[in-house]
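All remarks here apply to the structure that follows.
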Amino acid sequence: MKSKVTVRRLLAMVLCFALVLSLGLTAFADEALEPVKEPCGDVPQMTEIPELVQSVSRSQTATELDENYTSKVTLSLPAADYPSSIDLVLVIDVSGGKEKNALMEVKAAATALCDEMAAKKNIETKIGIVAFNQEAHALTEDLVSAEEAKAVLEELEEKLEGADGANMVAGLAAAKEMLDAGNGAEKQLVLLSRGAPTGWLDAEGEPVCKQYGAYKEVDEAGKPVVSEMQPAGLEPEISAKDASGVVPMEELLEIADWNDDANNWYFNEIENTNYENGYKYSNLQKSVYMTAQYLSENILGRYPLHLVAFGIDEEDEKQGENDAVFQYWKNLCGWIGEQSGVSYTAAAKPEKESEKELVAAFRAIADAATLVVDADTRVDIVIGKADDYDFQFINDPAALSLTVNGEALAITKEGSSTYGFGEAVDNAGGKTFPFVLHYYADDKGETLVWDINVPITKDVPVQLTYSVKLTDPKTEAGTYGTYDADGSKGCDGLFVCNSAVLKLKKEEAFLKPTVSYTVKPAPSEKPTETPEPTAKPTATPTPTAEPTATPTPTAEPTATPAPTATPAPTAEPTATPASTAAPTATPAATAVPTGPKTGDDGVSVVWFALAGISALGLGLVGGTLFFRKRSAHK
């Protein structure tokens, strides 16, 4: 009996040990297969993109009114004081290594851009070049001349390592740093993209992307072995059979749980095991998001951006429709192109016999970088008029001029109120001049319409000058209006034009210059002021009689006979009674000096009396106080 109990006890112990051992091994295996999550850091959220304010450079000036009350008004595109300097940084995608054909196309396009900018003689241009693959490469240390930039491009292959990956954020960050260090009046970016981004920058500014590995096998201890980690690149989208899993750009930018994601993720290739990758979003998805986030926070709305997507054919609607990677790239480029201040060009990869669209696109960027206004633009001008003044347009070719880069164009007058400038070009609608000015007048006033039929660029300024005359100047003496040559002071008048507006998608008004004039007193008015001094001598006999009356106070009895004895009035008998009348009033005047003398004596007596009364009062008060004190003492 005892032995049976012992056997049962041993059997129970063996079973418990086996159960514990199996649970331990299972726990060990589960723990080993838990995904290794590395914190991905704080992923910044999308920020609101400010609207890039790109005001057209323009100015309007007026000369002071001449002797005929005429002023010359000049409209300038760009502004007459435009600071002609541009800093331009070119950001080139060289991902894919040293692929010869691709680099040749990129070099040709970038060189064409440098040539175009160098040809613009009236603009000082500085160019920087940044290339990027998995990281950024500043090919120029800072901004240099167009010729120096071309020399750098010649050594493009030697300067780049054959690395894969496309870290667009790294390239943009390096370009922004270079651009901010420049001192050009305008700063612009040119971005050449050749594919979807596959990386971004971490909080310390270091290039980063997701890493992936795989559980290949289990080691002797039963622990899964992780293969060597490597950049995730375009996986898993590049292996997808179609683009059905592509997340639209709008939804991708609204994702808010990036911080719950992991930057390391794994394939599980061990049979008979259940395993989750441990990541929520792919490397491509996060790269697209981080690129858009960096652009929204640092580039868009702050710098004009020219984007060229090399390899997207907008005319081919079916291009890459089943390619998830291509769709993510196309969506990103399309989103960038929709933002304020961005020009977007999709350039298809050229065929052997076709025109190279990339080179053409970069030449067009050079023109866009210096564009003031495009063709088919107009300026509406309302000639100055108000309740108290009225300017009139001088409808005469001799009073007009239009210059291009300082050279005046020929003027052709058509009809009574239309002027063409330059050489006309025949087309289906008739003759077209580069510039046309139309004049209209009615009961409400006068207007001018300036048609601009060719592009105007910053290196070739255009100036239109016309003349106005003040038709109703004031005649009353005074100064009218305030002179403000370019309208920068914001004066109230006199306005040579009530308005001048550049009619674009968003209208832009010119500042309004003002003039003034002064009307001097007419010569006929001057004698009315000058007779007063000459008339005064006729009245001076009265004062001259006073000196003779001056001795009167010293000898009052003899004052009366003094005027009758005066020989001077004998030449003007009629004036003598007036002289004698004056002495008659003199005794009253002589009594005044006599009064104050007696008055002074009277005042002295009053003062003495008041002093005595005061002394008596003080004595009475003092005596009273003395006796009261003595009584109190007794």
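The values are calculated or read from the model by the stated rules, or taken from the named source; none is laboratory data. In this text the structure is predicted, and so the values were computed from the model without any measurement. Because the Cβ atoms are built from the backbone with ideal geometry, glycine has one as well, and the counts that use them run over all protein chains shown. Protein only, heavy atoms only, side chains kept; ligands, DNA and RNA dropped before computing areas. Shrake-Rupley method; radii C 1.70, N 1.55, O 1.52, S 1.80 Å.
Odds and ends about this structure:
- Among residues of segment 422-464 being hydroxyl-bearing (Ser, Thr, Tyr) and more than 13 Å from residue 379 (Cβ to Cβ), the one that is surrounded by the most Cβ atoms within 10 Å (Cβ to Cβ) is 457.
- Taken over segment 486-503, the criterion of being touching a strand residue (DSSP E or B) at 6+ places or on another chain (Cβ under 7 Å), modelled with pLDDT of 95 or more and open to solvent by 40 Å² or more (accessible area, probe 1.4 Å) is satisfied by 486, 498.
- Considering 371, 409, the condition of being without any contact (Cβ under 8 Å) to a residue 40 or more places away in the chain, open to solvent by 30 Å² or more (accessible area, probe 1.4 Å) and closer than 20 Å to residue 453 by Cα is satisfied by 409 alone.
- In this structure, residue 339 does satisfy being in contact (Cβ under 8 Å) with a residue 12 or more places away in the chain, in a loop (DSSP other than H, G, I, E, B) and not small (Gly, Ala, Ser).
- Contact map, segment 484-509: first residue in contact (Cβ under 8 Å) with a residue 40 or more places away in the chain and over 16 Å from residue 387 (Cα atoms), second residue open to solvent by less than 50 Å² (accessible area, probe 1.4 Å) and of a type in the set (Phe, Trp, Tyr), Cβ cut-off under 6 Å, separation 6 or more or different chains; pairs are 500/510.
- Test for residue 95: is it touching a strand residue (DSSP E or B) at 6+ places or on another chain (Cβ under 7 Å), of a type in the set (Ser, Thr, Tyr) and modelled with pLDDT of 50 or more: no
- Residues being at pLDDT 70 or above, open to solvent by 40 Å² or more (accessible area, probe 1.4 Å) and not in a strand (DSSP E or B) - total across segment 243-280: 13
- Qualifying strands (runs of 3 or more DSSP E) (wholly inside segment 51-151; at least 3 residues being crowded, with 22+ Cβ neighbours inside 10 Å): 59-62, 70-77, 85-93, 124-132
- From 233, 320, residue being closer than 29 Å to residue 48 by Cα, at pLDDT below 95 and in a loop (DSSP other than H, G, I, E, B): 233
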